[in-house]
Amino acid sequence: MDSSRATSSDFRLLSRRAALATLALLASPLRAQPAPPPPKLPVVASFSILGDLVRIVGGDRIEVATIVGPNGDAHVYQPSPQDGRRLAAAKLVFVNGLGFEGWIDRLVAASKTKARIVTASRAVTPRKDGEGVDPHAWQDVANVKIYVANIRDALIDADPDGAERYKANAAEYLHALGGLDAEIVAAIDAIPHARRRVVSTHDAFGYFAARYGVEFIAPQGVSTDAEASARDIARIVDAVKMHKVAAVFLENIVDPRFAKRIAAETGAKVGGTLYSDALSPPDGPAPSYLRLMRFNVKQLTEALAP
């Protein structure tokens, strides 16, 4: 057998097979590669309750950093260099407004951030008292609906491609907030009016009181940046005795000695802890806004029930 002819024949066969394989490859549809996920929008929220709302509306399209974390007191918070770096890297910075974050303007200036500053409480009707504007607007669920709408609109402006996702997330959460509001109204309505008086350790519940009909007496004003004086505490003790207040509540961000002293001097029982300005850690009873409000209402109704 001629080895040169065998080699030539083999070469032609291999070439024919290669050509057929190439044609088959060209004829087959190309498999589309999945598009890489878009980079997450970096945003900052000033405190834990607001951070929870932003996460829910933003979903998996955003990356949220919170400045004042669980059990933190935003009234007296001192920003860190890390906070400045977070603001510098952010596209949006969500703040409560209404004077709640007294340090935020200094932090924004120091960080030189180019981020848009979004005031979540914009369009809320502020409650005023003897000290000025009460910033704790989230204690009325109706106000949180306004927060959610402001958050949604800001996210859409910053990330138009995610508009439908943000709208859907906000709509679902607004529905949940409507259910929460109805729950609170029903729970408080079951308490006799004469028993709807409590002492809390600072005046963070004015919006809750106005919306749901519970009277709160507090030895501190709307901010925790100054300790209650002996005269303040004596005034509260007198009020507790006069109004026959049923319970005294601690708060997760305030020195509990105030409430314990008042309870000891009046005989009112300590009703437990209320979450006012901050969430609990994830393993606590109030790691989200919805759970915070439900927990507080449970504490109140159990303490005030006849």
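Odds and ends about this structure:
- Selection of first residues in the range 178-191 that are farther than 15 Å from Arg291 by Cβ and of second residues that are outside any helix (DSSP H, G or I) and open to solvent by less than 50 Å² (accessible area, probe 1.4 Å), restricted to Cβ pairs under 6 Å at least 6 apart or on distinct chains, gives the following pairs, ordered by first then second residue: Ile188/Gly213.
- Residue match in the range 74-92 (condition: free of Cβ contacts under 8 Å to residues at least 12 places away in the same chain, more than 19 Å from Ser48 (Cβ to Cβ) and either open to solvent by less than 20 Å² (accessible area, probe 1.4 Å) or of a type in the set (A, V, I, L, M) (or both)): no
- Candidates are the residues of the range 247-286 that are at pLDDT below 75 and part of a loop (DSSP other than H, G, I, E, B); the one that is farthest from Asn71 (Cα to Cα) is Gly267.
- Within the range 199-244, the set of residues being at pLDDT below 65, among the hydrophobic types (A, V, I, L, M, F, W, C) and open to solvent by 20 Å² or more (accessible area, probe 1.4 Å) comprises Ala226 only.
- Within the range 44-70, tally of residues that are under 14 Å from Tyr147 (Cβ atoms) and assigned to a strand (DSSP E or B): 3
- Remark: Leu107 matches the filter, which requires a residue to be open to solvent by less than 30 Å² (accessible area, probe 1.4 Å), under 30 Å from Glu63 (Cα atoms), in contact with a Gly (Cβ under 7 Å, 6 or more places away or on another chain) and in a helix (DSSP H, G or I).
- Any hit, the range 68-79, residues being modelled with pLDDT of 95 or more and in contact with a strand residue (DSSP E or B) (Cβ under 6 Å, 6 or more places away or on another chain): yes
Yes/no matrix, rows are residues, columns are (1) among the aliphatic types (A, V, I, L, M); (2) under 18 Å from Met293 (Cα atoms):
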residue: Asn96; (1), (2): no, yes
residue: Trp103; (1), (2): no, no
residue: Val108; (1), (2): yes, no
residue: Arg116; (1), (2): no, no
residue: Thr119; (1), (2): no, no
residue: Val141; (1), (2): yes, yes
residue: Ile146; (1), (2): yes, yes
residue: His175; (1), (2): no, yes
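- Residue within the range 177-194 that is open to solvent by less than 20 Å² (accessible area, probe 1.4 Å), within 21 Å of Gln139 (Cβ to Cβ) and modelled with pLDDT under 80 present: no
The values are calculated or read from the model by the stated rules, or taken from the named source; none is laboratory data. Bear in mind the structure is a predicted one, so any value in this text is a computation, not a measurement. All Cβ positions, glycine included, derive from the backbone under ideal geometry; neighbour counts span all protein chains shown. For the accessible areas, the whole protein counts, side chains as well, though only heavy atoms, and no ligand, DNA or RNA atoms are used. Shrake-Rupley method; radii C 1.70, N 1.55, O 1.52, S 1.80 Å.
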